[in-house]
Amino acid sequence: DVNTANEGIEGTDQDLLLVCRLHAGDQRAAMRLLDRHVRGIRRFFANKVRRAADVDGMVGEVVKSMLGPSGGFRSARRFSAHLFAVQQAVLRRYFGRSESTRGSVAEFGAPAPTWREPGAACHRMLIALRGLPLPHQEVLELLYWEELSLAELAAILEAPIPMVASRVRAAKAMLLVNLGMHAEDAEQEALRIAAMDAWGRGIGERLAGSR
């Protein structure tokens, strides 16, 4: 059974095993792969779309690509990086933009959060994230929503850790400004970033449990 075989294999190795079985015609592997990732796929799109109803269609596009005969997957690539690239491609098609775009989803016509979460604080954070350049929004939501380390982010983005760390720093600095929390000195900024990180992770925990 695909759910019990090779129980010691975890993370991306488990994904690779399932992809191999899927390509060999095992449809149970397809369902297992979908079960492992569908919540994260929904979270990726939930704070970026113009309408909440659009999420289902975009998830469907990702699943169709992911579970197709090959899905464009290269065996030498981490599955998490492949999945992220598919999600990016679907999102950029949705906005009619190229993969190199630096604008924000707010600039692309999605200014208001569609994720139905109670509380002004959550709403404020979601709006602030949507005002970031899309690559910055993506990296912070991966950091907060999926609780990834810098090394895990680097693997997904297929970029060196120092480059990813620089992007995270720039994204956090911009998010501070969007939240009206910009600091005048380095010590105050560090404290405010720590508070913002805790805020973001807390909202991420709520989002993870709601979908």
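Before moving on, here are some points about what is shown:
- Test: residue in the stretch 146-169 that is closer than 19 Å to residue 113 by Cβ, under 18 Å from the mean Cα position of the chain (by Cα) and in contact (Cβ under 8 Å) with a residue 40 or more places away in the chain: yes
- Options 183, 190: the member that is outside any helix (DSSP H, G or I) and open to solvent by less than 70 Å² (accessible area, probe 1.4 Å): 183
- Apart from one condition, residue 154 fits all of (1) within 24 Å of residue 82 (Cβ to Cβ); (2) open to solvent by 30 Å² or more (accessible area, probe 1.4 Å); the exception is (2).
- Failed criterion for residue 56 (all others in (1) modelled with pLDDT of 90 or more; (2) touching a Lys or Arg at 6+ places or on another chain (Cβ under 6 Å) hold): (2)
- Annotation note: Cβ proximity below 7 Å between a residue of the stretch 119-134 that is open to solvent by 10 Å² or more (accessible area, probe 1.4 Å) and at pLDDT 90 or above and a residue that is part of a loop (DSSP other than H, G, I, E, B) and not β-branched (Val, Ile, Thr) (sequence gap 6+ or interchain) occurs for 127/113; 131/104; 131/106; 133/102; 133/103; 133/104.
- None of 63, 49, 38, 19 is open to solvent by less than 20 Å² (accessible area, probe 1.4 Å) and either modelled with pLDDT of 85 or more or in a loop (DSSP other than H, G, I, E, B) (or both) except 49.
- Selection status of residue 112, farther than 21 Å from residue 134 by Cβ and modelled with pLDDT under 85: no
- Of all residues in the stretch 118-145, those satisfying the criterion of being more than 18 Å from the chain's Cα centre (by Cα) and assigned to a loop (DSSP other than H, G, I, E, B) are 118, 119.
- Some residue of the stretch 199-211 being open to solvent by 60 Å² or more (accessible area, probe 1.4 Å), small (Gly, Ala, Ser) and under 16 Å from the mean Cα position of the chain (by Cα): yes
The values are calculated or read from the model by the stated rules, or taken from the named source; none is laboratory data. Keep in mind the model is a prediction, meaning the values are calculated, not measured. Cβ atoms come from the backbone with ideal geometry, glycine included; neighbour counts cover every protein chain shown. These accessible areas exclude ligands, DNA and RNA; they are computed on the full protein's heavy atoms, side chains included. Shrake-Rupley method; radii C 1.70, N 1.55, O 1.52, S 1.80 Å.
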